[in-house]
Amino acid sequence: MKYYIAFDGGGSKLQGVLFDETYTILASGRSGGVNGTVHSAAEAERHMEDCLCQMLEQAGNQVEEIEILFASQDSERYERAIRRHIRCKHFLSSGEGSIGALVCGIDTGICVLSGTGSDVFYVRDGMEKDVIGGWGYLLSDDGSGVWIGQQALRFMMRVFEKLEQPGALYSILSEEYGIESRAHLYDIIYYRQKAPAFQIGSYCKAVEKAAGQGDRRAISILQEAGVRLAEECMEMIRTRNLPRDIPVCLTGSVFRYCRDMRDGFEGCLKRFYPDISVYRPMFEPVIGGIFLCMIMHGQRINTGDWAVYQKKYKDFLIEKS
């Protein structure tokens, strides 16, 4: 029996599944994030090892060798961490865009990701072929959770300077997140955090909550985030001469939970490309590693088989919000 592992990691968490050659999941693991803009290399490797050890323990430590390890990001980091614990014959960077598209049931299309960071990927036959964005929060990542958090804090700055009127977003950030003054905002970002990007990104939840209460500023921030990523998506279509009806997949935690952002994205995209269909994931991204393994073994991912996959991977289904 051959065994495989798929990992999907970002700024907030790392998920892993250990499965066999029948694509049956034998164990799963979950640990802290591995994004290099949020965590040090040592922290990321520790989280990788923790996630792996959870899976090996669940599997009864009977797995002695992994055929292929699929990682959504740089596989070399996983290789360094994993080889300390188990033999692994091959390491493959499956790519966030690739697995994001596959869990939407698409093997060729555009995957637009918004989580801690953001990217727009072109995926063909299950593999990433091109990318726009993904430069990290210091340079870009428009429409990401960190970008949304930055806009919320800039709004707070303007309220403290009496250039804006407070509303629900202000109340949530001040009462629930403790941002009560100019000095406190400055202190919490520049002096209290070893990973300010992660802290800033956490305020995305406040924007989502305020938008749910009808706060116009919060809704505007989320819609603008969607528009910015739609513009990158359209740039991918135009500059790479892709079909005008190419399927588009929306993945990542921000797209998952922020309806106003999805509305902003689709509204902008459909004005210029009305024939495009927009898809959302059925499964957690880590299952994309299993689908990629199937493709590598000559199988096609058919949405007609979705009911079978839903039953087989029911613990990783995503509820639509």
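We did not get these values from a lab; they are worked out from the coordinates using the rules stated. Computed from a prediction, not measured in an experiment: that's the story for all the values here. Ideal geometry is used to build each Cβ from the backbone, glycine not excepted, and the neighbour counts take in all protein chains shown.
Side notes on the structure shown:
- Each part reduced to its alpha carbon centroid, the stretch 256-297 and the stretch 1-58 end up 23 Å apart.
- Which of Cys111, Cys51, Cys204 has the fewest Cβ neighbours within 10 Å, and the rest in rising order: Cys51, Cys204, Cys111
- Taking the Cα centre of the stretch 145-215 as origin and assigning +1 to Lys and Arg Cβ atoms and -1 to Asp and Glu Cβ atoms, the resulting dipole is close to 220 debye.
- Proximal lysines to Lys320, defined as alpha-carbon separation beneath 18 angstrom and excluding residues fewer than eight positions away on the same chain: Lys205, Lys209, Lys311
- Gyration tensor verdict on the stretch 1-141 (Cα atoms; rounded if a/c is under 1.5, prolate if a/b is larger than b/c, oblate otherwise): oblate
- Of Val103, Val17, the sequence from fewest to most neighbouring Cβ atoms within 10 angstrom is Val17, Val103.
- Judged by the gyration tensor of its Cα atoms, with axes a ≥ b ≥ c, the stretch 215-321 is oblate; a/c meets the 1.5 cut and b/c is at least as large as a/b.
- Take the Cβ atoms of Cys53 and Lys270, set R0 to 56 Å, and the FRET efficiency comes out at 0.75.
- Contour excess over end-to-end distance, with Cα ends at Glu175 and Asp187 and 0.36 nm allotted per residue: 2.6 nm
- Of Ala81, Ala42, Ala211, the one that fluctuates the most in a GNM where the chain has Cα springs shorter than 10 Å: Ala42
- Sequence of Leu69, Leu317 once ranked by neighbouring C-beta atoms within 10 Å, starting from the fewest: Leu317, Leu69
- Placing +1 on the Cβ of every Lys and Arg and -1 on the Cβ of every Asp and Glu, with nothing else charged, gives the stretch 271-321 a dipole about its Cα centre of roughly 60 debye.
- Charge context of Arg30, other residues only, Cβ under 15 angstrom, K/R +1, D/E -1: -4
- Working from Cα pairs under 8 Å separated by at least six residues, relative contact order for the chain is 18 percent.
- For the peptides 234-242, 119-127, the ranking by mean Cβ contacts within 10 Å, running from highest to lowest, is 119-127, 234-242.
- At R0 = 35 Å, FRET efficiency that the Cβ-Cβ distance of Gln310 and Lys2 yields, to 0.05: 0.90
- The stretch 137-215-the stretch 65-92 distance, computed between alpha-carbon centres (Å): 37
- Stretchable slack from Thr303 to Met157, in nm (0.36 nm times residue separation minus alpha-carbon distance): 47.8 nm
- Averaging the sequence gap over all C-alpha pairs within less than 8 Å and six or more residues apart, then dividing by the number of residues, gives the stretch 145-215 a relative contact order of 52 percent.
- For the peptides 53-66, 253-266, the ranking by mean Cβ contacts within 10 Å, running from highest to lowest, is 253-266, 53-66.
- Candidate aspartates and glutamates for bridging to Lys2, where Cα separation is under 12 Å - those fewer than 8 sequence places away on the same chain excluded: Asp20, Glu21, Glu64, Glu65, Glu67
- If R0 is 25 Å, the Cβ-Cβ spacing of Met296 and Arg87 corresponds to a FRET efficiency of close to 0.80.
- Formal net charge of residues neighbouring Tyr3 (Cβ-Cβ distance under 15 Å; K, R +1; D, E -1): -3
- A value for Cα extents along the principal axes in Å was derived from the coordinates, and within the list (i) 63, 41, 36; (ii) 66, 46, 33; (iii) 55, 47, 42 it appears as (ii).
- Highest GNM mean-square fluctuation among Gly105, Gly298, Gly267, for the chain modelled with Cα contacts below 10 Å: Gly298.
- Note on the chain: GNM, Cα springs under 10 Å; of Ala101, Ala206, Ala307, the largest mean-square fluctuation is that of Ala307.
- Cα-based shape type of the stretch 168-216, given that a ≥ b ≥ c are square roots of the gyration tensor eigenvalues and the cut on a/c is 1.5: oblate
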